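A short write-up of the structure that comes next.
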Amino acid sequence: MDNSEDELEENEAVWKNSFVDSVPLSLAAAPGPSLSKTSPPADRVILHFDLDCFYAQVEMIRNPALREVPLGIQQKYIIVTCNYVAREQGLTKLMSVTDAKEKCPQLVLVNGEDLTHYREMSYKVTELLISYCPLVERLGFDENFMDVTEMVERRLAQTLESNTFSFKGHVYNQRSAEVKASDYLRLALGSHIAAELREAIYTKLGLTGCAGIATNKLLAKLVSGTFKPNQQTTLLPENIRDIMGHLSSLRKVPGVGHQTAKRLQALGLVTVKDLQLFPLTDLVREFGGPPAQRLKNLALGVDDSPVTPTGAPQSLSDEDSFKKMSSTKDVLEKIHQLLSSLVERMHRDGRQPQTFRLTIRRFSATNKWFSRESRQCPIPSHIGQKIAAGSSDDAVVQLLPLAMKLFHKMVDSSITFHLTLINVCFSNLQTRRAVSGGKGCITSFFRASPRKIQILSSQSQGDSSHSVDGHCTDHQFSTHGMAAQHLSLKTVTTKSPRSSEAALHGFKWKQSTVVAEEENQKASCCTTGSDPGETNDTVTHQLPANIDPKVFKLLPEEIQKELLSPAYVNCLLSTSDSQNIKDVTAAANELEPSDRVSAVNHQQPAGTSAFPVENVLEEEKLSFPQSSDCEFPGNVDPKVFSELPLDVRMELMSEWKQQKPVLKAPFSRKPVRSLITKERNALGKGSQTNSLLKYFKRS
DNA sequence: CCGGGGACGT
DNA sequence: ACGTCCC
Ligand SMILES: Nc1ccn([C@H]2C[C@H](O)[C@@H](COP(=O)(O)OP(=O)(O)OP(=O)(O)O)O2)c(=O)n1
Ligand SMILES: [Mn+2]
Ligand SMILES: [Mn+2]
């Protein structure tokens, strides 16, 4: 989007001095600044991890021969990233293929449009980090924040028994050996933890990356990239002003995007210092209170936002872009293709999506590559169940009409259109209720055991499994950057409390409670006919009332015939009043036994329960959707149906036949309208969070 | 020759 | 539903 417009700024001449790797220190001195013996220390210890040339690294693992050649990962016409061999030749991230080939004719390209492998590796990293400490927040596929404050506190005691101690890795802007780790003992311990975790990521997953150690997320992220590949850097409080002041522009501040930078520039602000010195009151005028304060804080290197465990993804999407798509048939095929892969992913996830969204991007000369349009609708529960159950083909076939209906809400297919992108997305993901215990569940992200919902009450306190926490290393090698230091990872092989399967694949994500029985949702996009005002006066002949004649005429003759065949017509005609309303059963919120100790630490916002109480679906009673006695369910738009390929239509028909009719509500035809937009936003999350960015939320 | 994802705020 | 941010 806007993201890359100013992306291509030259690397400023960073004056990043550092003392490398092992700064000796004596422990005689007093402990760190805010070391109040009692609970939450004023200063947190935050780690930020960022994998090296992530997609390229994954491809190099898959094919080691690529390690020695300049490698670019291609998505359409873009080299989205490249390995460091290629970077030595001047290649950069997000470079066009033509520019890249120009700079480096021998560049080897691997297509990276399918993110599957990157996504899987990404979650393995997050999972590994979580196994050491639950406070892990993802950012994109290759970054994780971690709050290790408590882990540090626990190590502190053990450290005091040790004689010497030092930082691991670089210390920002600090080249003298005088660095007193004793003044920043907790950050120093954080640097050891970071080194150990990087080592674990390398030995277990084969991935290298950078880490930043600082007192908040903003600073940890900013400092992590100081020395680039496969190194780590700690930012001491005394250097906060340095690192902020030397950012080349406000755009470098995470949270200041293209639009915000433009607005700031309109105020005459370009550098971080500009913003630091700008009167808050003037800033408030432009951005409003909280965002203004947030911006100023960011410029000062202040960031109180907590590390919020990310949990399982809130949406899954699949998209493709292209130069031109202009026929309904192509659109349908593309959506079919996208849906097939998305439904498979959704099934592996194990949860049940309740909302479907279709997004398009249209070509236009003026708008060049701009805005997207989208429409969404509820997913009828019987389809959601098929997705979760793994009846993927059935699910896809039944989702297709939904998607096409949404498509027609955006695109008048009787007029020429030109699309350049289609995206399909599942959201409002509901966890199916675990058996009886009603406890936490582990939904497997990975393939291995699809139906994985396990109960796990362990893990509660602290760092658990790995005794990375065990004791600090007492030797210090100055291996500058090589993650190969003999860190005290010896203990890593201690018995894992989890089953091996869980350790490998299990994912302990966020919890929630019950949403009890759900109503039969009726997609507004699925309501047939009876659209007020949209009746056809140009009727040609015996077309069912809800078929658009214009569309009908465009259909192939064979499809027209089929539509007019008695069986179909009967179905279509009987659909209009088939919209039985099923009562919305009251949602009985049942509290989670929650013996799972929330491994959340001090910065948990007051009033926020450790785990949100939502998104868990009661196992559904076998209720069958509002289908009338006709074989043609009421939620299928005839126009859409007519556009489906014959085989899809046949599949749908056979689907419908197998469904046993449900008890018809005698008092059916009701104002469905009030219900169809139901789709309440289970507005769960941030109770307030109106901040500029959730990215650096206030605490 | 501007990907393919995500999260959150309005 | 769309905008902005992140990677
Ligand atoms: N606009 C972007 C930014 C990133 N990515 C993908 C490709 C990257 O491989 C991955 C991680 O992004 P980074 O910015 O961390 O870049 P790399 O990890 O590739 O390189 P570096 O070693 O500089 O971190 O996310 C993307 O698809 N589109
Ligand atoms: Mn990154
Ligand atoms: Mn990276």
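The values are calculated or read from the model by the stated rules, or taken from the named source; none is laboratory data. Since the model is a prediction, treat every value here as computed from it, not as a measurement. Note: ideal-geometry Cβ built from the backbone for every residue, glycine included; neighbour counts use all protein chains shown.
Condition first: outside any loop (DSSP other than H, G, I, E, B), among the aromatic types (F, W, Y) and out of contact with any Pro (no Cβ under 9 Å at 6 or more places or on another chain). Can you find one or more residues in the range A:161-176 that meet it? Yes, the conditions are met somewhere in the range A:161-176. Here A:Q337 meets the list (1) of a type outside the set (D, E, K, R); (2) surrounded by fewer than 19 Cβ atoms within 10 Å (Cβ to Cβ); (3) within 16 Å of DNA strand C (Cβ to nearest atom) almost entirely, failing just condition (3). For the range A:231-273, enumerate the residues that are within 16 Å of DNA strand B (Cβ to nearest atom) and closer than 30 Å to A:E199 by Cβ. Answer for the range A:231-273, where residues must be within 16 Å of DNA strand B (Cβ to nearest atom) and closer than 30 Å to A:E199 by Cβ: just A:P254.
Screening A:D282 with (1) among the charged types (D, E, K, R); (2) in contact with a Ser or Thr (Cβ under 6 Å, 6 or more places away or on another chain); (3) over 26 Å from A:E127 (Cβ atoms) gives one miss only, at (2). So which of A:F145, A:F167 ends up being closer than 25 Å to A:L218 by Cβ, within 16 Å of ligand 1 (Cβ to nearest atom) and either surrounded by 15 or more Cβ atoms within 10 Å (Cβ to Cβ) or outside the structural domain of A:P64 (by the TED database) (or both)? Of the residues listed, the single one that is closer than 25 Å to A:L218 by Cβ, within 16 Å of ligand 1 (Cβ to nearest atom) and either surrounded by 15 or more Cβ atoms within 10 Å (Cβ to Cβ) or outside the structural domain of A:P64 (by the TED database) (or both) is A:F145.
Restricting attention to the range A:51-68, the residues that are more than 6 Å from ligand 1 (Cβ to nearest atom) and either in a helix (DSSP H, G or I) or under 22 Å from A:L129 (Cβ atoms) (or both) add up to 12. What about A:D318, is it surrounded by fewer than 17 Cβ atoms within 10 Å (Cβ to Cβ) and either under 30 Å from A:Y84 (Cβ atoms) or out of contact with any Pro (no Cβ under 6 Å at 6 or more places or on another chain) (or both)? No; evaluated as a whole, the condition is false for this residue. Filtered by the rule that a residue be outside any loop (DSSP other than H, G, I, E, B), within 16 Å of DNA strand C (Cβ to nearest atom) and hydrophobic (A, V, I, L, M, F, W, C), the range A:92-116 gives a lone residue, A:M95.
For the range A:223-240, the tally of residues that are crowded, with 24+ Cβ neighbours inside 10 Å and assigned to a helix (DSSP H, G or I) stands at 2.
Kindly check whether there is at least one residue in the range A:104-119 that is within 15 Å of ligand 1 (Cβ to nearest atom), closer than 27 Å to A:I213 by Cβ, buried (at least 18 other Cβ atoms within 10 Å of the Cβ) and assigned by the TED database to the domain that holds A:Y202. Looking through the range A:104-119, at least one residue is within 15 Å of ligand 1 (Cβ to nearest atom), closer than 27 Å to A:I213 by Cβ, buried (at least 18 other Cβ atoms within 10 Å of the Cβ) and assigned by the TED database to the domain that holds A:Y202. Scanning the range A:302-334 for residues that are over 19 Å from A:S414 (Cβ atoms), in contact (Cβ under 8 Å) with a residue 60 or more places away in the chain and not in a loop (DSSP other than H, G, I, E, B) yields A:S315, A:L316, A:S317, A:D318, A:E319, A:D320, A:S321, A:F322, A:K323, A:K334.
Answer yes or no as to whether A:D274 is at negative phi and in the same structural domain as A:L298 (by the TED database). In short, yes. Residues that are within 12 Å of DNA strand B (Cβ to nearest atom) and on the phi > 0 side of the Ramachandran plot within the range A:44-82 comprise just one, A:K76.
Annotation note: Cβ proximity below 6 Å between a residue of the range A:379-396 that is assigned by the TED database to the domain that holds A:G350 and a residue that is aromatic (F, W, Y) (sequence gap 6+ or interchain) occurs for A:I379/A:F356.
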